[in-house]
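Trainee: I'd like to ask some things about the structure below.
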Amino acid sequence: VAAAGVACGSRHSLCVSRDGRVFAWGLGDDGRLGIKLDEGQMHLHEPTALPLRDVRVRSAAAGGHHSMICTDCGEVMTC
């Protein structure tokens, strides 16, 4: 995946690809990754694409307990 940008939170990271996908990995116990984890699972050790349909991501930001993405249409999404 060719990266266009990376955002790092305290315990998770996001990568926006050049084709507008966003990948997340790290601690995700409170939903900060935007990906539903299996019961008892707290971490994603591999970058995993967010399940976004018909959305092209322009940028991403990661905080201590949350993530935000901005789409190419100017919409902001949080998790």
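The values are calculated or read from the model by the stated rules, or taken from the named source; none is laboratory data. None of the values given here were measured: they were computed from a predicted structure. Backbone-built Cβ (ideal geometry, glycine too); neighbour counts: all protein chains shown.
Trainee: When the stretch 46-70 is examined, which residues are found to be polar (S, T, N, Q) and over 15 Å from residue 15 (Cβ atoms)? Spell out how you get there, then give the answer.
Mentor: From the stretch 46-70, those polar (S, T, N, Q) are 48, 59, 67; that's our starting set.
Correct list: empty.
Trainee: On to the next question. Across the stretch 51-64, what is the total count of residues that are in contact (Cβ under 8 Å) with a residue 40 or more places away in the chain and either within 12 Å of the chain's Cα centre (by Cα) or under 19 Å from residue 4 (Cα atoms) (or both)? Steps first, please.
Mentor: Taking the stretch 51-64 and keeping what is in contact (Cβ under 8 Å) with a residue 40 or more places away in the chain, we get 57-64.
Narrowing the set further to residues that are either within 12 Å of the chain's Cα centre (by Cα) or under 19 Å from residue 4 (Cα atoms) (or both) leaves 57-63.
Residues flagged as in contact (Cβ under 8 Å) with a residue 40 or more places away in the chain and either within 12 Å of the chain's Cα centre (by Cα) or under 19 Å from residue 4 (Cα atoms) (or both) within the stretch 51-64 amount to 7.
Trainee: Sticking with this one: Filter the stretch 41-50 for residues that are under 10 Å from the mean Cα position of the chain (by Cα) and not β-branched (Val, Ile, Thr); which is nearest to residue 26 (Cα to Cα)?
Mentor: The initial filter retains those residues of the stretch 41-50 that are under 10 Å from the mean Cα position of the chain (by Cα), namely 47-50.
Filter once more, keeping what is not β-branched (Val, Ile, Thr): 47, 49-50.
Working: 47: 8, 49: 13, 50: 13 Å.
Only one residue fits best here, namely 47.
Trainee: Let me ask you something else. Taking only pairs six or more apart or across chains, which ones have beta-carbon atoms under 9 Å, a first residue in the stretch 29-45 that is farther than 13 Å from residue 10 by Cα and at pLDDT below 85, and a second residue that is among the charged types (D, E, K, R) and assigned to a loop (DSSP other than H, G, I, E, B)?
Mentor: Short answer, once both residue conditions are applied: none.
Trainee: For the stretch 5-46, what are the residues that are more than 14 Å from residue 61 (Cβ to Cβ) and either small (Gly, Ala, Ser) or touching a helix residue (DSSP H, G or I) at 6+ places or on another chain (Cβ under 8 Å) (or both)? Please lay out each step first, then the result.
Mentor: Our first condition is that a residue be more than 14 Å from residue 61 (Cβ to Cβ); within the stretch 5-46, this holds for 11, 17-21, 23, 25-31, 35-46.
17, 20, 26, 28, 31, 40 - these are the residues of the stretch 5-46 that are more than 14 Å from residue 61 (Cβ to Cβ) and either small (Gly, Ala, Ser) or touching a helix residue (DSSP H, G or I) at 6+ places or on another chain (Cβ under 8 Å) (or both).
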